[in-house]
Structure formats: structure tokens, C-alpha cells
Amino acid sequence: MQGGASLSTALGVDYGALAPLFIILGVACVSVLVEAFVPLAQRARVQLVLTLAAIAVALVVVIVRATSGVPATIVLAGSLSVDSVSLFLWGTLLALAIPSVLMIADRSVEAGGAFVADPEALAEAQERAGARTPVTVGAGGAGGSGSDGAGRAGSSRGSATPPPEMHTEVFPFVLFALGGMLAFCAANDLLTMFVALEVLSLPLYLLCGLARRRRVLSQESAVKYFLLGAFASAFFLYGVALLYGYAGSVRLSDIAAAAAGSLRSDSLLYGGLALLVVGLMFKASVGPFHTWTPDVYQGAPTPVTAFMAACTKVAAFGAILRVFFVAFGPTALEWRGVLWAVAIASMVIGTVLGLTQTDLKRMVAYSSVAHAGFLLIGCLAITPAGLSGTLFYLLAYGFTTIAILGLISLVRSGDGEANHLSAYAGLATRSPVVAAALSFCLLALAGVPLTSGFTAKFAVFSAGLGDGEAPLVIVGLVCSAIAAFFYLRVIVMMYFSPPAPDGPSVSLPGPLTTVSITLGVVVTLLLGVVPTAALDWAAAARFLG
């Protein structure tokens, strides 16, 4: 016991500080055992309860630690920094994971759930049912309805109807991805950051290819995400190698110290930073490193799209903030101009290409690219106001995006989603509640007052102005005004266009999806009307290098 205690002390293992990470990763391992030993009939319920319990307990631990005044600490031999910024990001990730998991677990909108693990089973069931349409139809492109023959066939062997049980391997995937995200945004050295990046990315690659409907499109999105993600990881790792050659260490504080007074050539420093930025910007969907985003958002199962759009962006920008503030803050004058160009490119690309989209999931993807540019304004400020504004923006954007994608999943044609813009014509007459909720969330993305989007943009743009980024803020305001067009276009279609007689229907959401959407809409409203508590928590966040 003494030997174990001394080893724990030497490694700096603070179990209280690391409890949220240990809970998520530990339950993820237990969830794998559940897949192996729990009968199929009870597996979905056990996995859902286990996953939600782990996330809820971890969230409670984060809140207790954040409010108890426990000092920040660096643990695991300096590899993880559990400071107030980490706690805010952990709380945001865990809070966003709850509605995401509820959407993933829902089986009322799509019989059998949104996921299937065995495409051959679908083909066999389709053949036995005598269906005339192939299972793996890549319908639902930019103008597709998102329906294919898989909806009329089951996914269990020897059965022509969808089974009551869903494929539950998605739950350990989500937990492992979430654990990687927690480690990614708290990493205090670049090597730990790279390992966490791979831990969060690999489950997402698999999740993107497990859609029950539109099998070809789903698998195509998974392959694109995997291949481009591998290239981005290679850039990241090469950047880590160059920075190690410059500073003799991969720890962020050591890189900052070397940059402030090293006699080595700065070409290693800025070359390493450039390659590092490519990997980070790819994961954050920042233009022009966004090429995977529209195809993956469109092809992945909508609950996975919601999880990626909200949680992955929080983790990626958490890592970007830590790298910029802790490692490269002293050299901001040298690299800020280049990242100004990246931020402008992201805002312009997301706004201009978003105007051309007729598929709502692709529109949300390009909206994500534009919002990534807005977030970079706060990141580039390198001030407490920039840090707090960016953190609040991540929280607000995450809940709004989950609510929007949850509402999109309800509009269906046949057995699949109807994502084309024309499907939303006259939606207000068919489902006034869905139309009103979707309109409110779209207005939040546009930054209309009394929504979280307005408060978030105001915080980020104010921080940019306070740090001399007036030209960047002006570009952001212009892009926000232009982007409002494609949000308002959807609202106009819903309220002022006549519905087609044979148009898509609106599915009645089950309790899990209802809770998920309601939570997103309510938080979007509260952060716009009474944002003080969240803003104060974000304003108190500081890095511990």
C-alpha cells in the first residue's frame, strides 16, 4: 500500500481532481462489458441508465469542485491541468452530452433507433421482405429527401420488421469520445493532447457510419472523416515534433518560456505552431480546414451530428484556447496576423456557402464554420474578456445546435428525414410548436436579442474591440448580417409558403427527444434573458500553466 501511495504521489494523481475523467472512462469500460454479458432485450435500457448516471455524477463532481474553492492543480506528472477553465469546459461538455445521449437513445422517431451495426442484416431483411428498393441507396444528397428502402425493412436477421432493440454499442463509443474530449481540453502538454485527440476521434469515425437509413451516405461520411482526420492528426504530430525540437519539451509552459527567451531559430517555433494549428482548426471546423464538415454533418445519423456539432467544438476550442493563451501568448504579435486571415476566411466561407445550401443539415454545417470564425475573435484577443466570451459562446452555441438538429430529425418523408428546404414549406400549419421552436433557435444562431446567440456574440465582439480587433469585428458583424438571410429563409418557408398536399409529416417525438429539444430551447432562452450566472462563471475562469 505504501508503494502504491508513493507512486501515486510521484505521478501527481489527484483522484478528486480527476474524478470526472475517471468516472466517464471507467463507465465506458463497464459499458463494453455490458455489451458482452447483458441480454439484448435489456441492454438498451441498462446502457442508457448507466451512461446518463455516469455523465450526471461527473457533472455533479465538476460543479461541486468549481463552487468549493478548491485550488487549481496540475496532475499526472504535469500532463493535465485541472484549473477553472478546465472545469468550465468539463461542465459544458457533460451538460451538452446529456441531451445528445437522449437523442441517441430515442427509438420513437425511427423504429429500432437511428443506428445499425450490421449492414448485411439490413440487406437480408430487405430481401426477405421482398422490397423492390435496395437498402444502400445514397438518397438524401443536397436535394434528397433522406429516405431509402431501409426504413421498410428490419435490421435483425430473419426478420422483416425493425426490432424493438437498438444497437447499443453506440453508448460506449459516446463515453470514450466524451472522455477524450475531457482530456483534450485539459491537456497541459502536446503529447497528452494528441493522445486525447485520437481517443475522441476514433469513436466518432465509427459513429458516423452506423446510420440505419441512407447507408451509403453515412459510410461515405465516416470514410471522409477518417481520412481527413488522419491527415490532420499527422500535421498535429509533426508540429509537436518541431516544437519539441525548439523548446526541448512538449509542455505548454516550457514552450512559452522558450519562446520568451530562446536562442534557437524561430523557424522551428512558427513552423510547429502552423502545423499544430492545422490539426486544431480541422477538429474545430474552422475554414478553410472545414472540408469534412458539410459531408459528415449530412451523412452521419442526426443524433451523432448533434453530439459532434456541440461537444467536439467545445473540446477543440478549449484546446485552442489553452495553446494560444498558455504556450503562445508571449509571441502573439508574431502570429496573430495569420490567424486573423484564418478567422476572416472561416466567417466568409461559412456565410457565403451557407447561402447556397438547400439541405438543412449542410446549412447547419456551414453555419458551424461561420460561428467558428466568430469564436476565433475571442480566442485571438488573449485577454480575460476574450477567454470568458469564448467560453460562454461555446456553452450557448452547443445547446442551440442540439435543439435545432433534434427538431430537424422530426420532419420526415416516408421512413427517413426530409432535410431539403422545400420540405419545410408550410410547416407552421402542420406543427406550430415545432415551427416556433425551430424559428427561435434559428434566430438565436442569427444573434437576435433575448437569445443566447446575441449575448454570446456581444461578449466575443466586445472582447475583440477591447483588444484592438476592430476590423475583425466589423467583418464578423457583416457576416452575421448576411448569415441571417439563410436562417430567415427557413422561417419564411415555414410560415409564409403553402404546404405541399403530399409534403413531409412531422413525427411525434418520444419523451427522450422531447426532453433533449426542450432542454436546448430553454437554455437558449435563459442564456439570452438571464445570462449572469454563466457569464460570471466564465469571467472567473483562468488558466494554470
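The values are calculated or read from the model by the stated rules, or taken from the named source; none is laboratory data. Just so it is clear, the structure is predicted and the values come from calculations on it, not from any experiment. Because the Cβ atoms are built from the backbone with ideal geometry, glycine has one as well, and the counts that use them run over all protein chains shown.
Restricting attention to segment 183-224, which residues are small (G, A, S) and assigned to a helix (DSSP H, G or I)? Before the answer, list the steps.
Pass one, segment 183-224, residues small (G, A, S): 183, 186-187, 196, 201, 209, 211, 218, 221-222.
Within segment 183-224, A183, A186, A196, S201, S218, S221, A222 meet the criteria.
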Scan of segment 267-305 for residues that are aromatic (F, W, Y), in a helix (DSSP H, G or I) and closer than 27 Å to T513 by Cβ, ordered by number: Y297
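Go through segment 451-499 and give me each residue that's of a type in the set (S, T, Y) and either under 21 Å from L333 (Cβ atoms) or within 24 Å of the chain's Cα centre (by Cα) (or both).
Filtering segment 451-499 down to residues of a type in the set (S, T, Y) leaves 451-452, 455, 462, 480, 487, 495, 497.
Matches in segment 451-499: T451, S452, T455, S480, Y487.
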Here is a list: A327, A284. Which entry is under 24 Å from L178 (Cβ atoms), surrounded by 24 or more Cβ atoms within 10 Å (Cβ to Cβ) and either in contact (Cβ under 8 Å) with a residue 24 or more places away in the chain or in contact with a Pro (Cβ under 8 Å, 6 or more places away or on another chain) (or both)? A284
Can you tell me which condition A341 does not meet? The list is (1) out of contact with any Gly (no Cβ under 7 Å at 6 or more places or on another chain); (2) under 30 Å from D83 (Cβ atoms); (3) small (G, A, S); (4) surrounded by fewer than 24 Cβ atoms within 10 Å (Cβ to Cβ), and all the others hold. (2)
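Identify, please: which residue in segment 96-113 is modelled with pLDDT under 70 and in contact with a Pro (Cβ under 7 Å, 6 or more places away or on another chain) and is, among those, surrounded by the most Cβ atoms within 10 Å (Cβ to Cβ)? Show your work before the answer.
Of segment 96-113, the ones modelled with pLDDT under 70 are 111-113.
Keeping just the survivors that are in contact with a Pro (Cβ under 7 Å, 6 or more places away or on another chain) gives 111-112.
Numbers: A111: 16, G112: 19.
Per the stated criteria, the residue is G112.
Just to be sure before I move on: is S249 out of contact with any Ser or Thr (no Cβ under 8 Å at 6 or more places or on another chain), buried (at least 22 other Cβ atoms within 10 Å of the Cβ) and over 20 Å from A28 (Cβ atoms) in the structure I sent?
Working: out of contact with any Ser or Thr (no Cβ under 8 Å at 6 or more places or on another chain): yes; buried (at least 22 other Cβ atoms within 10 Å of the Cβ): no; over 20 Å from A28 (Cβ atoms): yes.
Considered against the rule, which asks whether it is out of contact with any Ser or Thr (no Cβ under 8 Å at 6 or more places or on another chain), buried (at least 22 other Cβ atoms within 10 Å of the Cβ) and over 20 Å from A28 (Cβ atoms), S249 comes out as no.
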Considering only segment 164-182, how many residues are in a loop (DSSP other than H, G, I, E, B) and β-branched (V, I, T)? 1
Could you look through segment 461-481, keep only residues that are under 16 Å from S368 (Cα atoms) and either in contact (Cβ under 8 Å) with a residue 40 or more places away in the chain or of a type in the set (K, R) (or both), and pick out the one that is surrounded by the fewest Cβ atoms within 10 Å (Cβ to Cβ)? S480
Note: among S439, S452, S431, just one is crowded, with 19+ Cβ neighbours inside 10 Å and out of contact with any helix residue (DSSP H, G or I) (no Cβ under 7 Å at 6 or more places or on another chain), namely S431
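Name the one entry in F496, F485 that is without any contact (Cβ under 8 Å) to a residue 40 or more places away in the chain and among the hydrophobic types (A, V, I, L, M, F, W, C).
Working: F485 fails: without any contact (Cβ under 8 Å) to a residue 40 or more places away in the chain.
Result of the check over F496, F485: F496.
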